[in-house]
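Everything below concerns the one structure shown next.
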Amino acid sequence: MRNVRIRVAYDGREYFGWQRQDGFPTVQQALEEALLATTGERVVVHGAGRTDTGVHALAQVAHFHLESALDDERLRHALNAHTAESIAIERVETCRDDFHARFDARSKHYLYLVATGRFRSPFAAGRAHWVRWPLDFERMQAAARLLRGRHDFKAFGNTGSPRPNTIRTLAQLRLVRRRRGFGMLAVADGFLYNMVRNLAGTLIDVGRGRLELAQVERALAEGRRDDAGATAPAQGLYLARVGYDECVFPGPDPGPPERAVDER
């Protein structure tokens with residue numbers, strides 16, 4: 001039996017989150033069923049982050065123990081053949097036996113996408129949060145600077161998953177303008193339940209003029225959820241990267257090179 005880790009991307013619109021739930025399709029269930037169809041083995045797939053309903057992933061990391069003699073490359077192709085188009089297993093590698101995708105993670109990188117404009121974009125539906133109101137980008141950047149660093153983020157976590165310790169180090173909270181919207185990149189050693197969506201909602205409320213910078217400072221200092229902004233919708237959120245002390249999935253993709261397209 002060997003330990004195998006994978007990097008997987010998925011469109012969260014079709015799933016009720018990562019974690020298996022009876023009666024509801026989830027990413028974990030889809031991967032475990034693909035492994036059963038491929039190898040005949042019933043295994044548990046452990047993910048680095050338990051993304052919620054409607055949340056997407058660009059680079060979720062997961063691991064599982066497997067007896068199959070299929071090499072990593074053949075296993076990758078077989079798994080992709082047994083998953084829906086909404087899931088892509090991008091990398092597969094056999095790793096040290098005690099590697100754990102969740103407990104060994106040292107940082108998580110989340111991206112939150114916001115589409116702006118008077119009218120809803122048909123291309124952003126389910127993949128970005130649409131905001132129709134004018135936003136003051138400079139005020140939002142000022143609020144992001146206040147939130148960066150090591151703080152008690154109690155005001156930015158919802159009660160769905162109580163934690164004894166709500167102190168986190170938010171190493172990055174950066175806003176990147178786009179032509180019709182912006183992206184918010186959040187990097188931390190860990191996040192509270194709905195923390196990234198609450199950070200996004202807070203910055204949007206600051207940009208709309210519904211929250212003052214002093215209220216953001218008070219939310220950090222006093223830990224009251226009511227002082228922070230609204231919880232932004234799930235569809236704009238992406239798990240973008242998981243950081244580890246060791247190098248995972250090193251080097252280029254071992255698959256065959258892509259052929260150039262002849263456009264003549």
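The values are calculated or read from the model by the stated rules, or taken from the named source; none is laboratory data. Predicted, not measured: the structure shown is a model, and the values here were computed from it. Cβ sites come from the backbone with ideal geometry, for glycine too, and all protein chains shown count toward neighbours.
Just a few scattered comments:
- Some residue of region 111-124 being closer than 30 Å to R76 by Cα, small (G, A, S), surrounded by fewer than 20 Cβ atoms within 10 Å (Cβ to Cβ) and assigned by TED's automatic domain parsing to the domain that holds R208: yes
- Test for L79: is it in the same structural domain as Q19 (by TED's automatic domain parsing), modelled with pLDDT of 95 or more, over 17 Å from Q19 (Cα atoms) and buried (at least 19 other Cβ atoms within 10 Å of the Cβ): yes
- Subset of region 42-76 (residues that are more than 20 Å from the chain's Cα centre (by Cα) and closer than 30 Å to A234 by Cα): V43, V44, R76
- In region 226-248, the residues that are of a type in the set (S, T, N, Q) and over 12 Å from the mean Cα position of the chain (by Cα): T231
- Failed criterion for Q60 (all others in (1) farther than 16 Å from E32 by Cβ; (2) in contact (Cβ under 8 Å) with a residue 12 or more places away in the chain hold): (1)
- Residue within region 33-40 that is under 15 Å from R5 (Cβ atoms) and surrounded by fewer than 16 Cβ atoms within 10 Å (Cβ to Cβ) present: no
- Summed over region 212-239, residues that are under 17 Å from H151 (Cβ atoms) and either not small (G, A, S) or not assigned by TED's automatic domain parsing to the domain that holds G149 (or both) total 10.
- Any chance E93 is of a type outside the set (A, V, I, L, M), in contact with a Phe, Trp or Tyr (Cβ under 8 Å, 6 or more places away or on another chain) and either farther than 18 Å from T51 by Cβ or loosely packed, with under 14 Cβ neighbours inside 10 Å (or both): yes
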